[in-house]
Amino acid sequence: MGLNLGQKQAVVAEVSAQLAKAQAVVLARYRSLQVAEMTELRRRARKSGVYLRVLKNTLARRAIADTPFSALSDKMVGPLAYGISPDPVAVAKVLHEFARDNEKLVIMAGAMPNYVMSPKEVADLATMPSRVELLAKLMATMQAPVAKFVRTLNEVPGKFVRTLAAVRDHKEKAA
């Protein structure tokens, strides 16, 4: 049973709202996926903060029109699942890892604002560290010089204490 006009407008508005805060969109063909497999994909997407939706391409084209992702409309052919996320690596990782485990899901294309990606580029994006991992590495790099400086400052009184202990031990032996 099809959607009425009001329902279609609600779907387009919902997808448009997701696209407004998105940094990446990935299109994947899901033909002949079992319900359990699709449920597992949705669970992984939800866990990673990825909006995953199966849409009619006409509704998706309307939602994507007048956005930085409008160049994707040429790639919207056949039954597609749309992954949308504010973290470009997260959406690529979720769909790429699921496609690697399940050959029935095929990544067709992807996009970042004003840039359309091939399936190979989506796979390359999926292998990058996520934003959280990059921030953790940055913080560790920024902390290293400070930690080394603190250890260096701590070494001066430590060496002084060890010297006093050696002098005390030497006097006890002499006495």
Open item on the list: Conditions first: (1) at pLDDT below 90; (2) crowded, with 17+ Cβ neighbours inside 10 Å. Residue 93 passes all but one, so which condition is the exception?
Closed with: (1)
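Please give the helices (runs of 4 or more DSSP H) falling wholly within region 1-91 in which 3 or more residues are hydrophobic (A, V, I, L, M, F, W, C) and either over 19 Å from residue 106 (Cβ atoms) or touching a His at 6+ places or on another chain (Cβ under 6 Å) (or both). Show your work before the answer.
Working: elements: 5-20, 35-48, 57-64.
Helices (runs of 4 or more DSSP H) meeting the threshold: 5-20, 57-64.
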- [ ] Identify the residue in region 23-36 that is surrounded by fewer than 16 Cβ atoms within 10 Å (Cβ to Cβ) and not small (Gly, Ala, Ser) and, among all such residues, is modelled with the lowest pLDDT.
- [x] 31
Open item on the list: Whether any residue in region 127-135 is more than 12 Å from the chain's Cα centre (by Cα), outside the structural domain of residue 43 (by TED's automatic domain parsing), without any contact (Cβ under 8 Å) to a residue 60 or more places away in the chain and at negative phi is what I want to check.
Closed with: yes
Task: Residues (over 20 Å from the mean Cα position of the chain (by Cα) and not basic (Lys, Arg)) located in region 17-32 - done: 30, 32
- [ ] State which residue pairs qualify: first residue at positive phi and inside region 49-75, second residue assigned to a loop (DSSP other than H, G, I, E, B) and modelled with pLDDT of 90 or more in any location, beta carbons under 9 Å apart, and separation of 6 or more residues or different chains.
- [x] 49/86
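Which of the residues that make up region 45-60 are buried (at least 16 other Cβ atoms within 10 Å of the Cβ) and charged (D, E, K, R)? Outline the logic, then answer.
Initially, region 45-60 is screened for residues buried (at least 16 other Cβ atoms within 10 Å of the Cβ), giving 45, 48, 50-53, 55, 57, 59-60.
Result: 53, single match.
The values are calculated or read from the model by the stated rules, or taken from the named source; none is laboratory data. The structure presented is a predicted model; accordingly, all values stated were derived computationally and were not measured. Note: ideal-geometry Cβ built from the backbone for every residue, glycine included; neighbour counts use all protein chains shown.
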